[in-house]
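J.: Here you go, one structure.
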Amino acid sequence: MKAGQVASYVSTRAGIGVMQLLAFLPLRVIRALGWLLGWLLYALVLQRRRVVHRNLALCFPERTEAERRTLARQTFVYFAQAWLDRSWLWHAPHDWVARRVHITGAVEELAGNEPTVIFAPHFVGIDAAWGGVAQRIPRVSTTIYTDQSNKLVDQWILRGRQRFGNLRLFGRIDGVKPIVAALRQGQPFYLLPDMDFGPDDSVFVPFYGVPTATVPSLSRFARLGRAKVLAVLARMTPAGYEVEFTPAWKDFPSDDLVRDTARMNAHLQTYIDTMPAQYYWVHKRFKTRPEGDASLYQEA
């Protein structure tokens, strides 16, 4: 093993060890550390800060620059706090997680074995949603997992997300067939399609009025699996998280992938508007542009 690999291994092990220790601190202490880390990230990670500001300017042009700057700082704080919250989500006793993650809304939608696709937007509390639901709902659920380049981090994340034993992970290389088969067997499928995955298989539909490359996978999987669609929304609170299930969407999917995908983005906007600082604005959501259009992130 080369010196660089040794250093990476040691630092990764140390980082995981710190997270294991943080798990047993009071939540208010973890959140205070996250607040500090968020401010440091906002001050130091300049390129990503510019991405967040650009996203907010595109999506909330009606807000003043000062309001968007405040929202950007809050975004970094929530992002950092949610990252440190993985310490107790993945390492604290199960009853601690149960006390801190509250499931609300149309939970009855997950009763029985009806094929179900769950739209899980990229709010910072997405891991809390998985952990909290897995503890309370006995059905095996599935989702797509992208391998991490750091194998130790990869193993840590996999163990954390599967610690309650009810989440089955498919790799992108597994393809569509095993996911559809699991759906038809009654295993709810968590889908996170609200990111820019490039031009392949994407369609351009509005997101906050901006033509945005969006994969139509929500409609496609719902049709292939003959499944209903609902959303799960994870909201960070001072006491932990509230994880809300929406009622199943009516008349979804339709026979029009593009219309369905536009409808998904419209739903997503209404969800974001209730907690705008908790969305994953650090991602270049508008990176892929229609042919001939200039980049929206040239300055970032």
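The values are calculated or read from the model by the stated rules, or taken from the named source; none is laboratory data. No experiment lies behind these values; they were computed from the predicted model shown. Note that we place each Cβ from the backbone using ideal geometry, even for glycine, and neighbour counts take in every protein chain shown.
J.: Among what's in region 201-231 and is assigned to a helix (DSSP H, G or I) and not hydroxyl-bearing (S, T, Y), pick the residue that is nearest to F60 (Cα to Cα). Steps first, please.
T.: Pass one, region 201-231, residues assigned to a helix (DSSP H, G or I): 217-224.
Cutting the leftovers down to not hydroxyl-bearing (S, T, Y) gives us 218, 220-224.
Values: L218: 25, R220: 30, F221: 31, A222: 31, R223: 33, L224: 35 Å.
Out of the qualifying residues, it is L218.
J.: Check region 287-297 and report whether any residue there is touching a residue at least 24 places away in the same chain (Cβ under 8 Å), surrounded by fewer than 18 Cβ atoms within 10 Å (Cβ to Cβ), under 28 Å from W35 (Cα atoms) and of a type in the set (F, W, Y).
T.: Yes; the residues of region 287-297 include at least one that is touching a residue at least 24 places away in the same chain (Cβ under 8 Å), surrounded by fewer than 18 Cβ atoms within 10 Å (Cβ to Cβ), under 28 Å from W35 (Cα atoms) and of a type in the set (F, W, Y).
J.: Which pairs have Cβ atoms under 8 Å, sit 6 or more apart or on different chains, and link a residue in region 55-84 that is outside the structural domain of D127 (by TED's automatic domain parsing) and over 17 Å from H122 (Cα atoms) to one that is of a type outside the set (K, R) and not in a helix (DSSP H, G or I)?
T.: L58/Y208; L58/V210; L58/F286; L58/L296; F60/Y208; E67/F60; R68/F60
J.: Let me ask something additional. Checking the condition more than 27 Å from L27 (Cα to Cα) and within 18 Å of the chain's Cα centre (by Cα), which residue from T237, T288, T274, T270 passes? Quick ask: steps written out before the conclusion?
T.: On the way: T237 fails: more than 27 Å from L27 (Cα to Cα); T288 fails: within 18 Å of the chain's Cα centre (by Cα); T274 fails: more than 27 Å from L27 (Cα to Cα).
The match here is T270.
J.: Can you pull out the residues in region 56-68 that are more than 19 Å from K284 (Cβ to Cβ) and either touching a Gly at 6+ places or on another chain (Cβ under 9 Å) or among the basic types (K, R) (or both)?
T.: Step one: filter region 56-68 for residues more than 19 Å from K284 (Cβ to Cβ), giving 62-67.
Hit for region 56-68 is R63, nothing else.
J.: OK, next. Within region 188-201, can you find the residues that are surrounded by fewer than 20 Cβ atoms within 10 Å (Cβ to Cβ) and farther than 16 Å from H122 by Cβ?
T.: G198, P199, D200, D201
J.: Here is a check on your reading of the model: is A120 in contact with a Pro (Cβ under 8 Å, 6 or more places away or on another chain), within 15 Å of E244 (Cβ to Cβ) and either modelled with pLDDT of 95 or more or among the aliphatic types (A, V, I, L, M) (or both)?
T.: On the way: in contact with a Pro (Cβ under 8 Å, 6 or more places away or on another chain): no; within 15 Å of E244 (Cβ to Cβ): yes; either modelled with pLDDT of 95 or more or among the aliphatic types (A, V, I, L, M) (or both): yes.
Here the answer is no, as A120 does not meet what is asked.
J.: Can you name every one of the helices (runs of 4 or more DSSP H) wholly within region 1-101 that holds 3 or more residues which are at pLDDT 95 or above?
T.: Working: elements: 3-22, 27-44, 46-59, 65-91, 94-100.
Output list reads 27-44, 46-59, 65-91.
J.: Does M264 fit the bill of being crowded, with 20+ Cβ neighbours inside 10 Å and within 17 Å of V210 (Cα to Cα)?
T.: Values: crowded, with 20+ Cβ neighbours inside 10 Å: yes; within 17 Å of V210 (Cα to Cα): yes.
The answer is yes for M264.
For (1) hydrophobic (A, V, I, L, M, F, W, C); (2) assigned to a strand (DSSP E or B); (3) farther than 16 Å from F221 by Cβ, each residue gets a yes or a no:
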| position | (1), (2), (3) |
| --- | --- |
| D154 | no, no, yes |
| L158 | yes, no, yes |
| R168 | no, yes, no |
| I179 | yes, no, no |
| L183 | yes, no, no |
| Q187 | no, no, no |
| P193 | no, no, no |
| P199 | no, no, yes |
